[in-house]
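The values are calculated or read from the model by the stated rules, or taken from the named source; none is laboratory data. Here the structure is a predicted model, which means the values were calculated and not measured. Glycine also receives a Cβ, built like all others from the backbone with ideal geometry; neighbour counts cover every protein chain displayed.
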Amino acid sequence: MGLATTDGEQTTLGVNYYANKNVRLGMSYMDGEEANGASGDEVRARFQYAF
């Protein structure tokens with residue numbers, strides 16, 4: 001089984017907020033489009049606690 005290749009482009013924007021030295025909140029937005037016209041958006045949110 002072979003893998004197909006597709007041209008496209010993606011734009012990503014992200015932001016992090018450090019509440020203190022142990023807590024980080026992050027959010028990112030991704031917008032992508034393939035050469036054939038298919039497109040998609042994605043929003044991710046993260047919470048990180050270091051102990």
By residue number, the members of segment 1-24 that are aromatic (F, W, Y) and either loosely packed, with under 10 Cβ neighbours inside 10 Å or modelled with pLDDT under 90 (or both) are Y17
Can E42 be described as touching a residue at least 24 places away in the same chain (Cβ under 8 Å) and in contact with a strand residue (DSSP E or B) (Cβ under 8 Å, 6 or more places away or on another chain)?
no
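How many residues are more than 18 Å from the chain's Cα centre (by Cα) and not small (G, A, S) when one looks only at segment 1-50? Explain how you work it out, then say what you get.
First, the residues of segment 1-50 that are more than 18 Å from the chain's Cα centre (by Cα): 1-7, 18-23, 35-37, 49-50.
Next cut, not small (G, A, S) only: 1, 3, 5-7, 18, 20-23, 36, 49.
Here the count works out to 12.
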